[in-house]
Amino acid sequence: MSSATGFTIPSRYASQHFLSVEDLPNDAVLAIVERGRAFKAGARPRLGPDRVAINMFFEDSTRTMTSFQMAEHRLGMKVLDFDPKHSSVTKGESLYDSVRTVDAIGADVAVIRHSRNAYYDQLLAPGRLELSLVNAGDGSGQHPSQCMLDLMTIAEEFGHFDDLTIAISGDIAHSRVARSDAQILNRLGARVIFTGPREWMDHEVTRLGEISTLEEVIEDVDVAMMLRVQHERFDAGPDFSAEDYLHAYGLTDDRAARMRPDAIIMHPAPVNRGTEISSKLVEAPQSRIFTQMHNGVMVRMAILESVLDAAEQA
């Protein structure tokens, strides 16, 4: 893969909405990744003036929300404030009515995170909305923009995806990152290996790869992708202390020392230091965790530019 500052996403790959990696053909995925890399290399956005975005986060977020905000500012967009705790949601307003309202007042794109899987299905009846929808995470379903930034980070490092060995480790069942990344990486020819507690495996995800242990595969991986233990998404589960989890399933200093010199460490964050990964590895030379965050701004610029351009052409 190569990147040039003049690269843009071909119109045949563009869609008014960005909702799920399942909807994206491989060429569209790679086009978004390459446009993100072009932005990182200094490409200028191709958006008309006075575009308006609103970020509607019904779940707490630091990285994804601020990354979209920065992407919108870099694209020259106007950004409307929205806080569900100080909106009509507290009076019982439905998600559809909230989105229909911001559509009526003139927003061009709504970036939405919601706890309900596939929340966007209820919003997409023909003729309902004119604005574009960008999925910033739906329950334990999909996290397509995180997937794009992960792919961009891997592409920068290796230049390809085919034949790479990527271990996705941890809370697979509750991770929208694992679901989105596994779908695309499998399609692009990577070998995907899932590791972690057997109680947290999900056949709908693990059918896309193999199941092993991090201890067994650590010397073979190109990418060790660690996942946060998502306590908020389940009521009960295996009862591990942080130290026990790290020793049994996490990326310890000893395991990292056995990785190949060119292998990298990734994590979607927020990081539970000392649980899924040793604290000192978060900023180790092989870590790309903060690179992922930087790349998130670039690839989200590409996503927003793409959906707005498609909406204009519709």
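The values are calculated or read from the model by the stated rules, or taken from the named source; none is laboratory data. Just so you know, these numbers come straight off a predicted model, no measurement behind them. Note: ideal-geometry Cβ built from the backbone for every residue, glycine included; neighbour counts use all protein chains shown. Ligands, DNA and RNA are stripped out before the accessible areas are found, and what is left, the full protein with its side chains, is counted by its heavy atoms. Shrake-Rupley method; radii C 1.70, N 1.55, O 1.52, S 1.80 Å.
In table form, for the structure just shown:
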read-out: Shape category assigned to the range 114-199 from the gyration tensor of Cα positions, a/c cut at 1.5; value: oblate
read-out: Added length on full extension, which subtracts the Cα-Cα distance from 0.36 nm per residue, ARG273 to GLU59; value: 74.9 nm
read-out: Estimated 222 nm signal from helices in the chain, with DSSP H stretches of n ≥ 4 weighted -39500 (n - 2.57), rounded to 500; value: -10500 deg cm²/dmol
read-out: Residue among PRO268, TRP200, LEU149 farthest towards the positive dipole end of the range 144-293, charges placed on Cβ; value: LEU149
read-out: DSSP bridge pairs, the chain: antiparallel proportion in percent, nearest 5; value: 5
read-out: For the chain: relative contact order, % (alpha-carbon pairs under 8 angstrom, 6 or more apart); value: 22
read-out: Tilt relative to the chain, helix 176-187 - C-alpha long axis, 0 to 90 degrees, to 10; value: 80
read-out: Choice from ARG113, ARG258, ARG176 showing the highest fluctuation, given a GNM over the chain with Cα pairs closer than 10 Å; value: ARG258
read-out: FRET efficiency, 1/(1 + (r/R0)^6) with R0 35 Å, evaluated for GLN313 and HIS160 via beta carbons; value: 0.70
read-out: Relative contact order for the range 144-293, counting Cα pairs under 8 Å that sit 6 or more residues apart, in percent; value: 24
read-out: Tilt relative to the chain, helix 144-158 - C-alpha long axis, 0 to 90 degrees, to 10; value: 50
read-out: Per-pair calculated FRET efficiency, R0 = 51 Å: ARG187 and SER87 via Cβ, rounded to 0.05; value: 0.85
read-out: By average C-beta atoms within 10 angstrom, highest first, the peptides 125-135, 140-150; value: 140-150, 125-135
read-out: Gain on full stretching of the segment that runs from HIS247 to SER115 - 0.36 nm per residue minus C-alpha separation; value: 44.4 nm
read-out: Efficiency of FRET from Cβ geometry, ALA41 and ILE211, R₀ 45 Å, rounded to 0.05; value: 0.75
read-out: Dipole of the range 123-270, positive end: most advanced residue of LEU133, PHE240, HIS160 [Cβ charges, Cα centre]; value: LEU133
read-out: Computed log₁₀ I(q)/I(0) - Debye formula, equal Cα scatterers, no solvent, the chain, q 0.06, 0.09 Å⁻¹; value: -0.20, -0.44
read-out: Relative contact order (percent, whole number), the range 1-144, Cα cutoff 8 Å, 6+ residue spacing; value: 27
read-out: Length gained when the stretch PHE290-THR101 is fully extended (0.36 nm per residue, less Cα-Cα span); value: 64.4 nm
read-out: Under 14 Å from LYS85, Cα to Cα: aspartates and glutamates that are on another chain or at least 8 residues apart; value: GLU59, ASP60, GLU93
read-out: Whether the range 144-293 is rounded, prolate or oblate, judged on the alpha carbon gyration tensor where a/c under 1.5 counts as rounded; value: rounded
read-out: Share of carbon and sulfur in the accessible heavy-atom surface of the range 144-293 [1.4 Å probe, %]; value: 45
